[in-house]
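Novice: The structure follows.
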Amino acid sequence: MAKIDWYLDFVDFKHKPKDEIVCLFYFEPHKSLTKKEAIGRIASESSVGTWTTLPSMPYERIKKLAAKAFKLYGNFVEVSYPLELWEKGSIPQLFSGIAGNIMGMKGVKNLRLVDVQFPRSYLKYFKGSYYGRDAPKRIFKKKGKKKIITSTVIKPKLGYTSKEHAELALEIYRGGIDCVKDDENLTDQSFNRFKERVRRVAKARDKAEKETGEIKDAFINVTAPTLKQLEERIKFVHDHGFNYFMIDVVLSGFTAVQTACELARDYKMAIHGHRAMHATFTRNKKHGISMWALAKTFRIMGVDQLHVGTVLGKLEGKKEEVLANRDALYAKKLKPIKGIRLAQDFYHIKPSLPVASGGLHPGLLPKLFDIYGIDEMVIQVGGGVLGHPKGVFAGARAVVQAIEAWKEGIKLEEYAKSHKELREALKKWGHLRPV
Ligand code: CAP
Ligand code: MG
């Protein structure tokens, strides 16, 4: 009987990828399939194939474009993709293949895109971020080894008027925090109009800079319903003197993020990437996309800093995952870790900064910094500042004091003896790990 499918033509254990994109997948085959039949389907459906043979197609030419499942170990498969498959510089088109239809294929019970290895000839179409890991130095003029950018999101998430928002921002700035941040769901609501908020926070920033002599900025959320409005919002933030803007990168989608990255480079701005909705497909360890594959992708697009977890805070993310996320953003070169990541050289793509946020408060900061173990990063402490028993200014002071203690290698409890705001924070939260 004539063959009805050609899936096994996409399996070649002798193949040695050269100058190709390689993806690492975790997979579980449909109960009626062998692993080989399943990986043939993954490679086929993510490149040129379909469910049946196509007698009229130019087989030899199409075969050259076909992906190849070339390495299989346990439930992991490595698949290589000829570069001609991919539109130069287009992340949406890349993911239409490597995380498109295959995620819904019957041939696999579960499928997770664990990592993507980009060759130099693919990376050359990406510029990476404008500031990346240099932001603490270039924007905030921070010196010395441990350069931590501090930020506070105004809480509750929504409900303040832009006037109240800016008044809180001023207190947070005065307390010593570098940046105030919009929450991921604050954009342009009736009670807090985007433009009004930008104008007022800019005034608060200028006032605080004059009073403190410190450089202040803000992660204002430019997430918008259309690219046109996104562009207008970025320009408006830029025109009010901010170095940053924030965008919900997953909710906005790859095209919007690539557009924002281009604008950020044009305006010489840094992008704060919030990852809300990522857990829809990163949390399940058997199905979806790993956060570090996503983080790596946002880095090459040009996101300067991205939320990637705290281990200690209120949102999920085990230590080895958060460290894999950190490395995907911050490392220059990565060695492979079986079942976690492939080797990766980032060449000209600047390191980006991890953002640790979610359930943080002063009592957790030294341990957080020890877990991350790097000299530059961003922390965001929202409830852990706004919830301080002595108010917002004291909350900001307590965060600054906890960082000072860490830098000087002094235990928080010791440092708190001579720093009342930290003492009050420890009295309320201690070293609580919120759930
Ligand atoms: C944190 C936060 C951030 C989360 C996002 C919130 O506030 O503003 O959105 O950190 O999660 O809305 O929960 P708190 P992640 O500081 O008050 O917890 O950083 O994991 O993407
Ligand atoms: Mg938030």
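The values are calculated or read from the model by the stated rules, or taken from the named source; none is laboratory data. Note that this is a predicted model, so its numbers are computed, not measured. Glycine also receives a Cβ, built like all others from the backbone with ideal geometry; neighbour counts cover every protein chain displayed. We work out accessible area using only protein heavy atoms, side chains counted, and drop any ligands, DNA or RNA first. Shrake-Rupley method; radii C 1.70, N 1.55, O 1.52, S 1.80 Å.
Novice: Between rounded, prolate and oblate, where does region 60-118 land on the alpha carbon gyration tensor, with a ≥ b ≥ c its root eigenvalues, rounded for a/c under 1.5, else prolate if a/b exceeds b/c?
Specialist: In terms of gyration-tensor shape, prolate.
Novice: Would you work out the charge dipole size for region 253-331 about its Cα centre, treating the Cβ of every Lys and Arg as +1 and the Cβ of every Asp and Glu as -1, and quote it to the nearest 20 debye?
Specialist: Once rounded to the nearest 20, the dipole reads 260 debye.
Novice: What number in nm² do you get for region 267-313 if you take the convex hull of its Cα atoms and divide its surface by four?
Specialist: Values: hull surface 15.7 nm².
Convex hull of Cα atoms, orientation-averaged projection: 3.9 nm².
Novice: With Cβ to Cβ distances under 12 Å as the rule, what net charge do the other residues near Asp19 carry (K, R +1; D, E -1)?
Specialist: +2
Novice: How many angstrom lie between the Cα centre of region 112-165 and the Cα centre of region 28-58?
Specialist: About 39 Å separates the Cα centre of region 112-165 from the one of region 28-58.
Novice: Right, another one. Quick one: which residues, 5+ away or cross-chain, put their amide H under 5 Å from the amide H of Val108? H built at 1.01 Å from N.
Specialist: His30
Novice: Using amide H atoms built in the peptide plane, which far-off residues or other-chain residues are under 5 Å from Lys181 H to H?
Specialist: Hits under the 5 Å cutoff: Thr152, Val153, Ile154, Phe219.
Novice: How large a share of the accessible area of the chain, in percent, is made up of carbon and sulfur atoms when the probe is 1.4 Å and the other protein chains stay in place?
Specialist: Ligands and nucleic acids excluded, carbon and sulfur reach 55 percent.
Novice: Which far-off residues, 5 or more places away or on another chain, put their amide H under 5 Å from the one on Asp345, with H placed in the peptide plane?
Specialist: It is Leu334, by chain and number.
Novice: With every protein chain in place, what's the accessible area of Phe281 (1.4 Å probe, Å², nearest 10)?
Specialist: We get 60 Å² for Phe281.
Novice: Ignoring ligands, DNA and RNA, what accessible area per residue does region 8-123 give at 1.4 Å, in Å²?
Specialist: Spelled out: the 1.4 Å probe surface of region 8-123, per residue, equals 46 Å².
Novice: Return a whole-number percent for the relative contact order of region 371-435, with Cα pairs under 8 Å and 6 or more residues apart as the contact set.
Specialist: Relative contact order comes out at 27 percent.
Novice: Which order do Asp183, Asp375 take by accessible area at a 1.4 Å probe, largest first?
Specialist: Asp375, Asp183
Novice: Please work out the average accessible area per residue across region 186-281, using the 1.4 Å probe convention, and give it in Å².
Specialist: Computed with neighbouring chains in place, this is 43 Å² per residue.
Novice: Which aspartates and glutamates does Lys143 reach when only Cα atoms under 20 Å apart count, and residues fewer than 8 places away in its own chain are ignored?
Specialist: Asp134, Asp178, Glu209, Glu214, Asp217, Asp304, Asp370, Asp375, Glu376, Glu404, Glu408
Novice: D for region 281-336, whole µm²/s, Stokes-Einstein with Kirkwood Rh over alpha-carbon pairs at 4 °C and 1.567 mPa s: what number?
Specialist: 111
Novice: Treat every Asp and Glu Cβ in region 280-435 as -1 and every Lys and Arg Cβ as +1, leave all other atoms uncharged, and give the resulting dipole magnitude about the Cα centre to the nearest 20 debye.
Specialist: 440
Novice: Now a separate question. Given the protein chains as shown and a 1.4 Å probe, how many square angstrom of Lys203 are accessible, to the nearest 10?
Specialist: Near enough 140 Å² of accessible area.
Novice: Of Val201, Gly288, Val249, whose Cα points farthest to the positive end of the dipole of the chain (charges on the beta-carbon: +1 Lys, Arg; -1 Asp, Glu; origin at the Cα centre)?
Specialist: Gly288
Novice: On to the next question. Can you pull the one-decimal nm distance between simple spin-label points at Lys71 and Glu232, each 7 Å off the Cα toward Cβ?
Specialist: Here the answer is 5.0 nm between the modelled labels.
Novice: A further question follows. Please report, in debye to the nearest 20, how large the charge dipole of the chain is about its Cα centre when each Lys and Arg carries +1 at its beta carbon and each Asp and Glu carries -1 there. Walk me through the numbers on the way to the answer.
Specialist: Details: 76 positive and 49 negative charges, 158 e Å.
Roughly 760 debye for the chain.
Novice: Here's a follow-up. If I ignore ligands, DNA and RNA and count only protein heavy atoms, how much of Val11 is accessible to a 1.4 Å probe, in Å² to the nearest 10?
Specialist: 20
Novice: In what sequence, largest accessible area first, do Glu28, Glu232, Glu171 appear using a 1.4 Å probe?
Specialist: Glu232, Glu171, Glu28
Novice: I'd like the antiparallel share, as a percent to the nearest 5, of DSSP beta bridges with both residues in the chain. All intermediate terms of the calculation are to be shown ahead of the outcome.
Specialist: Numbers: 23 of 51 bridges.
Bridges in the chain that DSSP calls antiparallel: roughly 45 percent.
Novice: If one computes P(r) from the Cα atoms of region 313-435, what percent of pairs lie at distances over 20 Å? Each step should come with its number before you reach the end.
Specialist: Details: 3587 of 7503 pairs.
Result: 48 percent of Cα pairs exceed 20 Å.
Novice: Right, another one. In region 153-198, what is the volume of the convex hull around the alpha carbon atoms, normalised per residue and reported in Å³?
Specialist: Details: hull volume 2.9 nm³, N = 46.
Each residue corresponds to 62 Å³ of Cα convex hull volume.
Novice: With bins 20 Å wide starting at 0, give me the P(r) of the chain over every alpha carbon pair, in whole percents.
Specialist: P(r) for the chain, in whole percents per bin: 26, 51, 21, 3, 0.
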